[in-house]
Amino acid sequence: MANWQRTVLRRPSVGFRTAPAFAKGGRERYGLTPDTPARFARRLSESTRPDLPLPSHAAWTYLDVLFFHPFEDGNARAAMLALAFVLAREGVHLDQVHPLQATRWADEAEGAADLAVLLGILISATERRLSKQRQP
């Protein structure tokens, strides 16, 4: 992810943030402890469980990036890139992402479940549109 951030932000070096982060004009604070980077890495690895449906896996990854806020800048973009990577790794390429650009709260279980449902709908809709395009 740091490589993605370096490319997107056009910076020579990007790493896990070294101080608490703030978002939404300072209304949200993301703390930092010595184990925050390790907890983030552990959460991302847990999201790859084979029993987890793809929409849930993608939502989990997206929300973890938002919740941990690993970078000093560009975390919303990083979350979207991570979500796209999870889907692309399984051969899924959404043809619409606008519905995902609404504000999400990473610490609300209902919001996380709703995001997974929305991803499932977007995946199905993309597949339907692509199959119609392939028909003669």
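Just a few scattered comments:
- Residues that are closer than 15 Å to residue 113 by Cα, touching a Ser or Thr at 6+ places or on another chain (Cβ under 9 Å) and not hydroxyl-bearing (Ser, Thr, Tyr) within the stretch 30-58 comprise 57, 58, listed in sequence order.
- Residues of the stretch 43-76 that turn out to be free of Cβ contacts under 8 Å to residues at least 24 places away in the same chain and farther than 24 Å from residue 110 by Cβ, as a count: 2
- Restricting attention to the stretch 104-116 and to residues that are touching a helix residue (DSSP H, G or I) at 6+ places or on another chain (Cβ under 7 Å) and open to solvent by 50 Å² or more (accessible area, probe 1.4 Å), the residue that is modelled with the highest pLDDT turns out to be 107.
- Among the residues of the stretch 68-103, the one identified as over 18 Å from residue 130 (Cβ atoms), surrounded by fewer than 17 Cβ atoms within 10 Å (Cβ to Cβ) and of a type in the set (Val, Ile, Thr) is 103.
- Verdict on residue 78 being out of contact with any Ser or Thr (no Cβ under 9 Å at 6 or more places or on another chain), closer than 23 Å to residue 114 by Cβ and modelled with pLDDT under 90: no
- Scanning the stretch 119-135 for residues that are modelled with pLDDT under 90, hydrophobic (A, V, I, L, M, F, W, C) and either open to solvent by less than 40 Å² (accessible area, probe 1.4 Å) or closer than 22 Å to residue 28 by Cβ (or both) turns up nothing.
- For the stretch 42-66, filtering for residues that are surrounded by fewer than 16 Cβ atoms within 10 Å (Cβ to Cβ) and under 25 Å from residue 91 (Cβ atoms) leaves 8.
- Unique match (being in a loop (DSSP other than H, G, I, E, B) and under 15 Å from the mean Cα position of the chain (by Cα)) among 93, 57: 93
- Counting only residues that are outside any loop (DSSP other than H, G, I, E, B) and open to solvent by less than 60 Å² (accessible area, probe 1.4 Å), the stretch 9-33 holds 5 of them.
- Within the stretch 119-136, residues that are without any contact (Cβ under 8 Å) to a residue 60 or more places away in the chain have Cβ atoms under 9 Å from residues that are surrounded by 11 or more Cβ atoms within 10 Å (Cβ to Cβ) and hydrophobic (A, V, I, L, M, F, W, C) in these pairs: 122/94; 122/97; 122/100; 125/94; 126/92; 126/94; 127/92, counting only partners at least 6 apart in sequence or on another chain.
The values are calculated or read from the model by the stated rules, or taken from the named source; none is laboratory data. Keep in mind that what you see is a predicted model, and the values were worked out from it rather than measured. Neighbour counts are summed over all protein chains in view; Cβ atoms, including those assigned to glycine, are modelled from backbone coordinates with ideal geometry. For accessibility, only protein heavy atoms count, side chains too; no ligands or nucleic acids. Shrake-Rupley method; radii C 1.70, N 1.55, O 1.52, S 1.80 Å.
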